[in-house]
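Colleague: Pasting in a structure now, in structure tokens, and then I'll have a few things to ask.
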Amino acid sequence: MRDLPVEAPQELWPDHATTILAGAALVWAWKTAGLPGWPSFIRWFTPGAKQQQLGMFDEETRNVWLSTDLRGDELLRTIGHETEHARQYHRREGFSEGYAIAAGERFLGKWSQRTTDLHAAAEASGISRGPTQRLPFPGPDDDAPADHLAHLRVLEKRAAAARSAYSFDRGSA
Ligand SMILES: [Zn+2]
């Protein structure tokens, strides 16, 4: 059996925006990889001398383990990477690190494209995308302009707009 990491105590988990992004990205990665059902949980481990890896897929529980150091692009790459290991396991293709590295890179590109598409759809529907909000990513990612959670805000705005348009159209019926 695989040597799984020790789960980090909750106070060492990443900030809220990062955990939300990780969950949304993992569910979408799972779906786009053609895997059935849903992934199980994301579990966080702190990087250390024995934990050189950024992530790990546990085929027994379908948990995806992620390093608490991951942020931004590197977080998305790792989620794509571990989801490819899940796909390899599901298809009984055997373990390929090369494919997983390539899949991580592809997933990052797909996620960025999806965010761009959702912005375009929101603009085409006449809903302002509003000011770009910075994510509270500390450290080296601080200068990155990427807004990986933009799609969630766009979806929220679309849902809110759909509701108000409906009540306006229907009057007080
Ligand atoms: Zn790997």
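Colleague: With out of contact with any helix residue (DSSP H, G or I) (no Cβ under 7 Å at 6 or more places or on another chain) and either in contact (Cβ under 8 Å) with a residue 60 or more places away in the chain or among the hydrophobic types (A, V, I, L, M, F, W, C) (or both) as the only criterion, which of V64, V6 stands out?
Modeller: The conditions single out V6.
Colleague: Can I ask one more? Is it the case that the range 119-126 has a residue that's away from the ligand (no atom under 15 Å from the Cβ), part of a loop (DSSP other than H, G, I, E, B) and closer than 18 Å to P5 by Cα?
Modeller: no
Condition check ((1) touching a residue at least 40 places away in the same chain (Cβ under 8 Å); (2) assigned to a loop (DSSP other than H, G, I, E, B); (3) charged (D, E, K, R)) across all residues:
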{"site": "H81", "(1), (2), (3)": "no, no, no"}
{"site": "E84", "(1), (2), (3)": "yes, no, yes"}
{"site": "Q88", "(1), (2), (3)": "no, no, no"}
{"site": "R92", "(1), (2), (3)": "no, yes, yes"}
{"site": "I101", "(1), (2), (3)": "no, no, no"}
{"site": "K110", "(1), (2), (3)": "yes, no, yes"}
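Colleague: Every residue in the range 44-61 that is surrounded by 15 or more Cβ atoms within 10 Å (Cβ to Cβ), more than 16 Å from the ligand (Cβ to nearest atom) and at pLDDT below 95, please.
Modeller: Within the range 44-61, just T46 meets the criteria.
The values are calculated or read from the model by the stated rules, or taken from the named source; none is laboratory data. Quantities reported herein were computed from a predicted structural model and do not represent experimental measurements. Backbone-built Cβ (ideal geometry, glycine too); neighbour counts: all protein chains shown.
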